[in-house]
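The values are calculated or read from the model by the stated rules, or taken from the named source; none is laboratory data. Remember, predicted model here, so these are calculated numbers, not experimental data. A quick note on method: Cβ atoms are made from the backbone with ideal geometry, for glycine too, and the neighbour counts reach across all protein chains shown.
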Amino acid sequence: MGMAHEMADEMADEKADGTSKDIPDWSVEIAQSIMVKVKEKDAETFDHCVRVSRMARLLAEAACLPESECRVIEYAGLFHDIGKVGVPDDILMKPSKLTDSEYEVMKSHPLLSCEILKPISSVEFFAKTLPGVRHHHERYDGRGYPEGLMGEKIPIASRVILVVDTFDAMTWSRPYRKGLPAAVAYKELKEFAGRQFDPRMVDVFLQFHSRWNIGQHAQFSEIGETILAGLKPGALIRPSEVAS
Ligand SMILES: [Fe+2]
């Protein structure tokens, strides 16, 4: 069956609540328990994954990617860093620069994320999120990890995620470090467009980011809300001190 047919079927399979038959309830429950674990182990990483998921979806939409792709990107964004639960706390929480050997451990997290997703990757939809997760630290110039993929060889989901991931990491304040102002982060993205980042994604991000209000207006898809249900309320999304 051709791609167009599959996409058409996906749309037709939509249930009344906006979720799809291609995502069985048991897999949503596993995804939910994975995210609960991430939140318990490291609330910072959990919050980061949620913000990245929302922004990745908005960036994918702004870049006019097809809805099926936007949906995959939303979930790849949500799951991208969950492998950090497998990184020891003294490395994960270290406020100073990592040593070379610590950095090697840290670099295993995209592969660990994919390992954790194994139980739900028999579901085709979740399997489609794996490449985006696995390659979210590849650089456009080929100097990233884990495989050193270059340019358009890097999955589009990973290219979208890397831009919003880096922006979030730069601007978000942590207990030991105040985040950079958005304007400074914009400049960094521009400077590394074509080297670290897909230049087209940086262009679209710079054009649209100031219109997004991640705390209030960005919506998850129904299944995203379901995965995160029960985790709210609480300090899931705090208004950024720096993005305004
Ligand atoms: Fe990461």
Item checked: Residues of segment 64-121 satisfying the condition of being part of a helix (DSSP H, G or I), in contact (Cβ under 8 Å) with a residue 60 or more places away in the chain and within 16 Å of the ligand (Cβ to nearest atom) -> I73, Y75, A76, G77, L78, I116
Next item on the list: Output yes when any residue across segment 97-118 is modelled with pLDDT of 95 or more, of a type in the set (D, E, K, R) and touching an Asp or Glu at 6+ places or on another chain (Cβ under 9 Å), and no when none is.
Entry: yes
Check: For segment 156-212, which residues satisfy the criterion of being more than 16 Å from the ligand (Cβ to nearest atom), touching a strand residue (DSSP E or B) at 6+ places or on another chain (Cβ under 8 Å) and β-branched (V, I, T)?
Finding: V202
Check: Which residues, counting only those in segment 21-63, are under 15 Å from K84 (Cβ atoms) and not in a helix (DSSP H, G or I)?
Finding: D42
Margin query: If I go through segment 162-195 residue by residue, how many of them are crowded, with 20+ Cβ neighbours inside 10 Å and more than 18 Å from N213 (Cα to Cα)?
Written below: 2
Check: Is one or more of the residues making up segment 18-26 more than 16 Å from the ligand (Cβ to nearest atom), farther than 21 Å from S173 by Cβ, in contact with a Phe, Trp or Tyr (Cβ under 8 Å, 6 or more places away or on another chain) and among the small types (G, A, S)?
Finding: yes
Notebook entry, point to check: Would segment 37-59 turn up any residue that is of a type in the set (D, E), closer than 22 Å to V160 by Cβ, surrounded by fewer than 22 Cβ atoms within 10 Å (Cβ to Cβ) and more than 15 Å from the ligand (Cβ to nearest atom)?
Noted result: no
